[in-house]
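> Take this structure, written in structure tokens, and hold onto it; I'll ask about it next.
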Amino acid sequence: MSDIIHLLPDSVANQIAAGEVIQRPASVLKELVENAIDAGATFIQIVIKDAGRTLLQVSDNGKGMSETDARMAFERHATSKIREASDLFALRTMGFRGEALASIAAVAQVEMRTRRHDDELGVAIEIAGTRVFKQETVQCERGTTFYVKNLFFNVPARRRFLKSDNVEKSHILTEFYRIVLVNPDIEFSFFDGDEEMYHLQASNLKIRIDAVFGNSKKKIQQQLLNIETSNGLVSIIGFIGKPEYAQKSAQQYFFVNGRYMRHPYFHKAVTLVYNNLIQSSENPSYFIYFEVDPQSIDINIHPTKTEIKFENEQAIWSILSATVKEALGKFNVTPSIDFDREGAPEMPMNLNAENVKPPQTNFNPDYNPFNTSYKRPSFDWEKLYGGFEKEAKISPSLADYPTENSPQSVAPSTIEHLLIESEPEQQKMLLGDEFHSTNFQFKSRFIITGIKSGMLIIDQHRAHVRILFESYLKDIEQHTAHSQQLIFPEEMELNEHDILHFQMIEDALKAVGFNFSHDTKNQIQINGIPALLNASGIVDLLREMIESVQNTGSDTAQSLYEIIALSLAKSTAIKTGQQLTSQEMSDVIDRLFACQNNNFTPDGKSIHTTISQSELLSKFG
Ligand code: ADP
Ligand code: MG
């Protein structure tokens, strides 16, 4: 018997290798553009025809190749980027495997023209199915141009596997975005047939993001918040979307050391921070750029895989999470309501625990949530809200607005009636002693108040949900809740499934004032409930919570607490339609702006909006 093992010819070996690297036109584009970037190009032009099936052309003004290198470039494992294994751990280039060009040449008809900057003439090579057809000296531009024609001309199975033009084009654009978003200093032009779809000038990250995703009406820049942090381990810069711009299909990009990556674990770090700020069906956009020591990551997993392993994954997770939190926190306590903050005191990020005394209302069925011993934060709110009246005197259309020395020239609200007619002592009671700005209730739903830059309109129910949510969370975390015993304990049946989820939240429920005893495994008795809560409907409320736990699949303590706090807040908050006294309105305003987040309810609904003074004035001509 003769021996049967033999080496495969290069053409076959390359074709097999190509199966790994080149799966569709988009993979060709990625490899060619990455090569252009590695060659130091400052301008890269891309042309595709028929979604890259018939032509994919990439031209760059990079350093070009010598005649020998031009030929070598198509050999498998031919690369100028690493020399030895240890180089793999200090990669600063996009490519390093030396297999892209060999693979492309194995499955397409390729023409390449290249000229180094100091050479008079360049070289042109034509190669198809690994066979070189032509190599000649030519006159050409500095840099390199690849024409990749008739992809998979010799692999019909692959060709058939390609999807519709639209799908292939969208794969191409996906690769294009991943590259241009991390190379803002390179100018890009992208032609689909004869039409230039993108011309991206060299700029900075923010402008690049805007150029790719914004349009003339909608500047994406205004929707983004900066993030930035740096320490020995990692430096992170980038942008995260404001919660109100969250959408179903958001732009979510991570990059590390100039390379796009997917990272489900870091993704979780970002999205968790948004948990209570946006609706669960929506997603935040982010563009986040990591720089780490190349030795601390492993990108050498698979040629087409974009997952990257980090050595210090957990530490970076925490840093990322804190950075995103900080950016959102800053944004939330500052000016989407554009208070005129000149000279205004800093708003505290956290309200001191002493300042929020839990209501002392045990056993009081007529409990009024506003008669609390709540103390205002110790800074000067008056400055924040007071300026409007002063400015109003200057502006003619608002000068008639009733103040203490102008007679009532316009019909005052009932509150003003009371104010004008009442004794100073009563006035104090009506307005609170620090809060002199007049508040109005509109349609039993909104509280309207003046701020320096205009008019602030607050949804009373949503504001109170936010206030109570944060206060319940604190109760849970600090075990400061007050409980009321039920004279007639309620029974609740649970099935096997419910029991599991109930057990997950039982401790947190106790922390917030519930008190249970277990009759049998499937039956619990509710003996005590949080002070503010109404006993009727308590079983339904608990069922709702158990369902939320099931639906969201939450299992971290924090997310379980939030479910409970939100349910309680919703069921105890003042309702739409409820009349409020002036004191109550002041209380809502004070407490709302002492919250960590005052823009959105925990389930993502807007709490307030403003009408600017200039907007208002413009309506009066
Ligand atoms: P890799 O990028 O992994 O090194 P490739 O097969 O993509 O492997 O490219 C092989 C080599 O060809 C590169 O190392 C580089 O020296 C050269 N090369 C490829 N494209 C260009 C280009 N646009 N400009 C200059 N040199 C290039
Ligand atoms: Mg390459």
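> Within 10 Å, count the other beta carbons around each residue, average over each peptide in 6-12, 456-462, 105-111, 124-130, and list them highest first.
Put in order of decreasing packing, that is 105-111, 456-462, 124-130, 6-12.
> If I histogram all Cα-Cα distances within the stretch 1-126 using bins 5 Å wide from 0, what percent of pairs lands in each bin?
2, 10, 18, 22, 21, 14, 7, 3, 2, 1, 1, 0, 0
> Below 11 angstrom from the Cβ of ILE44, what's the summed charge of the other residues (Lys, Arg +1; Asp, Glu -1)?
Values: positive: none; negative: GLU34, ASP60, GLU187.
Summing Lys and Arg as +1 and Asp and Glu as -1 gives -3.
> Further question: Defining a contact as two alpha carbons under 8 Å apart and six or more residues distant in sequence, what relative contact order in percent does the stretch 10-200 show?
Dividing the mean separation by the residue count of the stretch 10-200 yields 28 percent.
> Using only alpha carbons, build the gyration tensor for the stretch 205-330 and give me the equivalent ellipsoid semi-axes, biggest first, whole Å.
Those come to 24, 17, 14 Å.
> In addition: Carbon-plus-sulfur fraction of the accessible area of the stretch 1-143, 1.4 Å probe, in percent?
49 percent
> Once you charge only the Cβ atoms, +1 for Lys and Arg and -1 for Asp and Glu, what is the size of the charge dipole of the stretch 205-330 about its Cα centre, to the nearest 20 debye?
Charge dipole of the stretch 205-330: 560 debye, to the nearest 20.
> For each pair in LYS248/LYS305; LYS330/LYS452; LYS219/LYS325; LYS325/LYS570; LYS325/LYS474; LYS248/LYS330, compute the distance between the two Cα atoms and list the pairs where it is over 22 Å.
Beyond 22 Å between Cα atoms: LYS248/LYS305; LYS219/LYS325; LYS325/LYS570; LYS248/LYS330.
The values are calculated or read from the model by the stated rules, or taken from the named source; none is laboratory data. Computed from a prediction, not measured in an experiment: that's the story for all the values here. Don't worry about glycine lacking a Cβ; one is built from the backbone with ideal geometry, like all the others, and counts go over all protein chains shown. What goes into the accessible areas is simple: the full protein's heavy atoms, side chains included, and nothing from ligands, DNA or RNA. Shrake-Rupley method; radii C 1.70, N 1.55, O 1.52, S 1.80 Å.
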